[in-house]
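Derivation of every value follows stated rules applied to the coordinates shown; laboratory data play no part. As the structure is a computational prediction, the values presented were derived from the model and not from experiment. So basically every Cβ, Gly included, is an ideal-geometry build from the backbone, and we count neighbours across all protein chains shown.
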């Protein structure tokens with residue numbers, strides 16, 4: 001018996017796994033200096049946005065393509081870590097967001113497979 005086969009196999013997490021969202025808070029903010037973002041490779045600047053703080057049960061996966069927060073059908077792909085399992089998603093084009101729309105987590109290339117939540121967009 002080789003030492004390779006004697007080692008217990010550690011289960012690997014599905015690379016498409018997305019954690020459960022356990023908290024959401026949306027706030028409209030103004031920036032003293034414009035924040036730079038890109039929309040379809042076009043550089044833009046914003047002096048205000050809606051920031052949506054999301055708390056998850058587990059960390060978001062680290063991959064070449066990041067997950068997106070969906071407000072209704074609008075994907076928010078710009079985000080940053082704000083603490084353990086807490087992420088700040090930015091909605092620079094916030095006029096597209098509709099109050100009461102469902103919030104879900106998914107992959108930008110596969111929006112039909114979103115993980116739905118009981119949370120609704122309430123700015």
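Numbers below:
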| quantity | calculated |
| --- | --- |
| Of 73, 93, 32, the one that fluctuates the most in a GNM where the chain has Cα springs shorter than 10 Å | 32 |
| Separation of the residue 20 and residue 32 label points, Cα + 7 Å toward Cβ, nm | 4.1 nm |
| Taking 27, 115 and counting other C-beta atoms within 10 Å, the order from fewest to most | 27, 115 |
| Cβ-based exposure ranking for 64, 110, 104, in which fewest neighbours within 10 Å come first | 64, 110, 104 |
| Relative exposure of 52, 21, judged by other C-beta atoms within 10 Å (fewest first) | 21, 52 |
| Theoretical FRET efficiency, 1/(1+(r/R0)^6), r = Cβ-Cβ of residue 115 and residue 41, R0 30 Å, to 0.05 | 0.60 |
| Rounded Å value of the spacing that divides the Cα centres of region 21-61 and region 91-115 | 13 Å |
